[in-house]
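Novice: The structure follows.
The values are calculated or read from the model by the stated rules, or taken from the named source; none is laboratory data. As the structure is a computational prediction, the values presented were derived from the model and not from experiment. Note that we place each Cβ from the backbone using ideal geometry, even for glycine, and neighbour counts take in every protein chain shown. Heavy atoms of the whole protein, side chains included, go into the accessibility calculation; ligands, DNA and RNA do not. Shrake-Rupley method; radii C 1.70, N 1.55, O 1.52, S 1.80 Å.
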Amino acid sequence: MLVSATEMLKKAKEGHYAVGQFNINNLEWTKAILAASQELNSPVILGVSEGAGKYMTGYHAVVGMVNGIMQDMGITIPVALHLDHGSYEGCLKCIEAGFSSVMFDGSHYPIAENVEKTTELVKLCHEKGISIEAEVGSIGGEEDGVVGMGECADPNECKMIADLGIDFLAAGIGNIHGKYPANWKGLSFETLAAVQEKTGVMPLVLHGGTGIPDDMIKKAITLGVAKINVNTDCQLVFAAATREYIEAGKDQQGKGFDPRKLLAPGTEAIKKLVKEKTELFGSVGKA
Ligand code: 13P
């Protein structure tokens, strides 16, 4: 059964580890992430961007697929199905469709409008036992065609949004989505410490988990990060494994190709990646 991410992240923050959010795009990714997390007895968050939701034909399809896979695989770990970088309208749709968690990305709105919309969504989510994440300070890089600059959040603004009753907070600390440029200055631990000081027990979220050196990840966890989002890394390992399989000519069965065989190496590669990240984040055995 899907659960909200509130409890798992509260425990993670108290226990000084982080829960991974791995984004899904299809059945194979979902299967791989759930299998890896179940084997390691770790809670997990399945992230769905609005683009991925559309690709999978809509949020009802996503909810049905994830629930069905969990039932058929006998998944017993806590799993949250979470809208990643949701618009206001996207959040409403996911709340209705049966997601157990949403992120409202109001960082591009003027602060007053962000506050108003966040307040309304907090109420709607909590009435249904759904957790809600908000973002302060745009997280850079490109995601679904939206390009941000990688700002550092204002800790006072973080406190203001945290006080609206959200369950976890994504604060920009120089992190960006996708690969980091060679001249990237690294995470701003100063900003992270200031945000943590202002927001207290609020679990903090680190977006852009791909390409951040392991020591920075570990330090961020000690400073209050309880959820780490990974997407690009899954894409990279999936694509590399699929390419290798095709280039080796293994897709030629003499009678066309079998899509189940073609997608198997990529699925295995995601499973391996999720296990490595889960170990790094320290959530093994925390289900
Ligand atoms: P990456 O694509 O850099 O791993 O970031 C994922 C993310 O933050 C999703 O919200």
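Novice: Take the conditions out of contact with any helix residue (DSSP H, G or I) (no Cβ under 7 Å at 6 or more places or on another chain), of a type in the set (A, V, I, L, M, F, W, C), over 19 Å from ALA226 (Cα atoms) and modelled with pLDDT of 95 or more and apply them to LEU92. Does it pass?
Specialist: Details: out of contact with any helix residue (DSSP H, G or I) (no Cβ under 7 Å at 6 or more places or on another chain): yes; of a type in the set (A, V, I, L, M, F, W, C): yes; over 19 Å from ALA226 (Cα atoms): yes; modelled with pLDDT of 95 or more: yes.
The answer is yes for LEU92.
Novice: Among the residues of the stretch 195-207, is any under 22 Å from ALA52 (Cβ atoms) and among the acidic types (Asp, Glu)? Don't jump to the end; show me each part of the working.
Specialist: So the first thing to find is which residues in the stretch 195-207 are under 22 Å from ALA52 (Cβ atoms), and the list is 205-207.
In the following step, the residues that additionally are among the acidic types (Asp, Glu) were identified as none.
For the stretch 195-207, residues under 22 Å from ALA52 (Cβ atoms) and among the acidic types (Asp, Glu): absent.
Novice: When residues of the stretch 108-145 are filtered for being surrounded by fewer than 22 Cβ atoms within 10 Å (Cβ to Cβ), within 16 Å of the ligand (Cβ to nearest atom) and either in a loop (DSSP other than H, G, I, E, B) or at pLDDT 90 or above (or both), how many remain?
Specialist: 4
Novice: Looking at the stretch 183-204, is at least one residue more than 21 Å from the chain's Cα centre (by Cα) and within 16 Å of the ligand (Cβ to nearest atom)?
Specialist: Yes, the conditions are met somewhere in the stretch 183-204.
Novice: Please work out which one of (1) open to solvent by 40 Å² or more (accessible area, probe 1.4 Å); (2) away from the ligand (no atom under 16 Å from the Cβ) is the condition GLN235 fails and give its number.
Specialist: (2)
Novice: Against the conditions (1) free of Cβ contacts under 8 Å to residues at least 24 places away in the same chain; (2) open to solvent by less than 20 Å² (accessible area, probe 1.4 Å), where does PRO181 fall short? Just the number, please.
Specialist: All conditions are met except number (2).
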